[in-house]
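Heads up, the thing below is written out as structure tokens.
The values are calculated or read from the model by the stated rules, or taken from the named source; none is laboratory data. Just so you know, these numbers come straight off a predicted model, no measurement behind them. Positions of Cβ are backbone-derived with ideal geometry, glycine not excepted, and every protein chain shown enters the neighbour counts. The area values use the complete protein model at the heavy-atom level, side chains included, leaving out ligands, DNA and RNA. Shrake-Rupley method; radii C 1.70, N 1.55, O 1.52, S 1.80 Å.
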Amino acid sequence: LQFMMISLKPSRNMEVYNSLANQDIVGTRDYTTQQNNIRYVMLLNDSFSSRINLIELRKRSDNLYKEIEKIKLGLLNTIEDKNDTAIDYARIPLHYEGNDNIPNSYLFDNLGQPKPALSSVRNDVDSFNIYIKTAYKKNSFGMINTKGTKDVKGDGHIIPWEIFNFYQVPFSVVLRNLTQMQLDIRVIEATCIH
């Protein structure tokens, strides 16, 4: 009986771990954003042509970042039945009992097709990757690849990016995937300005 009591530990489900991992990603994302902003201030004092490129990079990065944040905020407001204007990552509940279908209904239509907000993010990520390749000669497609995702069963069937990352995926994983994209954007941006 004593050994049974010692070995009994509270179990945590995957949702809790994903939520905690998301908080770590948010911390890294925020740090990278802060460092990028410091670097922008230093670089914007350079030549006129450099400033134009930097302003365009910052605009594209910030717009894509905000577009993703808007989706996350919409998901949270839908789940919590709120109308918040910003996300407080320290206060996101670790698990939403019975709300696993909300990401599906928020991001996909009744036929399982991505809604315009998710399709727009995909198009804007593709546009961002092309801009980075053209303007900075860097291949960011490896970090944020929307060109078809995984051949899970090994049968040659590629699962579309939207389906793999967001369809019938638990809320905490959807949130983590979106936050990871924001971090990827900031890392790509950092490689261009450092």
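Quick look at the numbers
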{"read-out": "Residue match in the stretch 32-51 (condition: at pLDDT below 90, under 18 Å from the mean Cα position of the chain (by Cα), surrounded by fewer than 18 Cβ atoms within 10 Å (Cβ to Cβ) and at negative phi)", "value": "yes"}
{"read-out": "Residue ID - farthest from Lys133 (Cα to Cα), chosen from residues in the stretch 172-194 that are among the charged types (D, E, K, R) and more than 10 Å from the chain's Cα centre (by Cα)", "value": "Arg186"}
{"read-out": "Count - residues of the stretch 102-150 that are open to solvent by less than 70 Å² (accessible area, probe 1.4 Å), aliphatic (A, V, I, L, M) and in a helix (DSSP H, G or I)", "value": "8"}
{"read-out": "Close pairs (6 angstrom Cβ cut-off, 6 or more residues apart or separate chains): in contact (Cβ under 8 Å) with a residue 60 or more places away in the chain in the stretch 103-130, outside any helix (DSSP H, G or I) and not aromatic (Phe, Trp, Tyr) anywhere", "value": "Leu107/Lys115; Val125/Ile144; Val125/Thr146"}
{"read-out": "Restricting the stretch 52-77 to residues that are farther than 28 Å from Tyr167 by Cβ and modelled with pLDDT of 90 or more, the residue that is surrounded by the most Cβ atoms within 10 Å (Cβ to Cβ)", "value": "Leu57"}
